[in-house]
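What follows is one structure encoded as structure tokens, with my remarks underneath.
The values are calculated or read from the model by the stated rules, or taken from the named source; none is laboratory data. None of the values given here were measured: they were computed from a predicted structure. Every residue, glycine among them, receives a Cβ derived from its backbone with ideal geometry; neighbour counts consider all protein chains shown.
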Amino acid sequence: MTTYVLIPGADGRAWYWHLVVPELRGRGHEAVTLDLPHDPAAGLAEHVDAVVRAIGQHDQDHCGTSPGLVLVAQSLAGFFAPLVCERVPVDGLILVNAMIPAPGETASDWWANTGQAEARSAFAARQGRDPAAEFDLLTDFFHDVPPAVTEEAMAAGPAGPAEALFTQPWPLNAWPDVPTRFVQGRDDRFFPLDFQRRNAEERLGIDIEPMPGGHLLALSRPAELADLICR
């Protein structure tokens, strides 16, 4: 049995993983979810603290240490999930459609440093969409999410990351010495497949593991994502 700690991205809500949790438990594993802080001043340290607290609460509730602890980080969580590895012994880290930081880089600088805007526009052009179109939540994120799930997400109201997350330099000198995998949606319109493949190779020296689906894999293809997480 493995305990998977499911860390949401910019939305910051544990709800993002609500369809994946029963899939993992149905495969004989444990799943830990958490809401991230929405205080605008909450930076990297506060987000790491939130993950560490969730792990500690799970261990307390289950009267022991989580077996086979693996972090699963969605999108923006790629900036702070590696820092958790400095605080808690983990057996693995799985990035999902994630941002990979470089030493000293802020999340604000990441976009220009990696060429995300150009990659997004080029992918839109290849698909016959307007390459100059501004970001649209439904078009870029929810295009392949079932309507009922999209409706539930929209009904929850706006959410977003803490502003401080984007201003603090990534503090590590190198990626933590933890087995790392990278799961990527082939149809991600925000972080296109080729773009992410290059980032994973240049910044981590690893190959990505592609699967069908867009940016919100936990909402659009929870069973397939759980299969890949557990592989």
Mind counting the residues in the stretch 124-171 that are aliphatic (A, V, I, L, M), under 28 Å from D194 (Cβ atoms) and over 19 Å from the mean Cα position of the chain (by Cα)? 4
Options A81, A14, A77: the member that is among the aliphatic types (A, V, I, L, M), within 23 Å of D188 (Cα to Cα), surrounded by fewer than 20 Cβ atoms within 10 Å (Cβ to Cβ) and out of contact with any Lys or Arg (no Cβ under 8 Å at 6 or more places or on another chain): A14
State all residues of the stretch 1-35 that are among the hydrophobic types (A, V, I, L, M, F, W, C), within 30 Å of T167 (Cα to Cα) and touching a residue at least 60 places away in the same chain (Cβ under 8 Å); if no residue qualifies, say none. V5, L6, I7, A10, W15, W17
Within the stretch 8-35, which residues are at pLDDT 95 or above, of a type in the set (A, V, I, L, M) and out of contact with any strand residue (DSSP E or B) (no Cβ under 6 Å at 6 or more places or on another chain)? L19, V20, L34
Which residues, taken from the stretch 178-188, are closer than 18 Å to A77 by Cα and either in contact with a Cys (Cβ under 9 Å, 6 or more places away or on another chain) or not small (G, A, S) (or both)? V178, P179, T180, R181, F182, V183, Q184, D188
Restricting the search to the stretch 180-231, which residues are of a type in the set (A, V, I, L, M, F, W, C), within 15 Å of the chain's Cα centre (by Cα) and either at pLDDT below 95 or in a loop (DSSP other than H, G, I, E, B) (or both)? F190, F191, I208, L216
Considering A98, A119, A107, which residue is more than 21 Å from L71 (Cβ to Cβ), surrounded by 17 or more Cβ atoms within 10 Å (Cβ to Cβ), small (G, A, S) and in contact with a helix residue (DSSP H, G or I) (Cβ under 6 Å, 6 or more places away or on another chain)? A119
Scan the stretch 17-44 for residues that are surrounded by fewer than 19 Cβ atoms within 10 Å (Cβ to Cβ) and of a type in the set (V, I, T) and report the count. 0
Near pairs, Cβ below 7 angstrom, 6+ apart or cross-chain, from the stretch 104-126 (among the β-branched types (V, I, T)) to any residue that is outside any helix (DSSP H, G or I): T106/T167; T106/Q168; T106/P169
With over 28 Å from A226 (Cβ atoms), within 18 Å of the chain's Cα centre (by Cα) and either assigned to a helix (DSSP H, G or I) or not hydrophobic (A, V, I, L, M, F, W, C) (or both) as the only criterion, which of S121, S108 stands out? S108
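A quick yes/no check of all residues on (1) crowded, with 22+ Cβ neighbours inside 10 Å; (2) under 20 Å from T150 (Cβ atoms); (3) out of contact with any helix residue (DSSP H, G or I) (no Cβ under 7 Å at 6 or more places or on another chain); (4) without any contact (Cβ under 8 Å) to a residue 12 or more places away in the chain:
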site	(1), (2), (3), (4)
E201	no, no, yes, yes
P210	no, no, no, no
L217	yes, yes, no, no
A223	no, yes, no, no
What do you reckon, is V149 closer than 25 Å to R13 by Cα, in contact with a helix residue (DSSP H, G or I) (Cβ under 9 Å, 6 or more places away or on another chain) and surrounded by 13 or more Cβ atoms within 10 Å (Cβ to Cβ)? yes
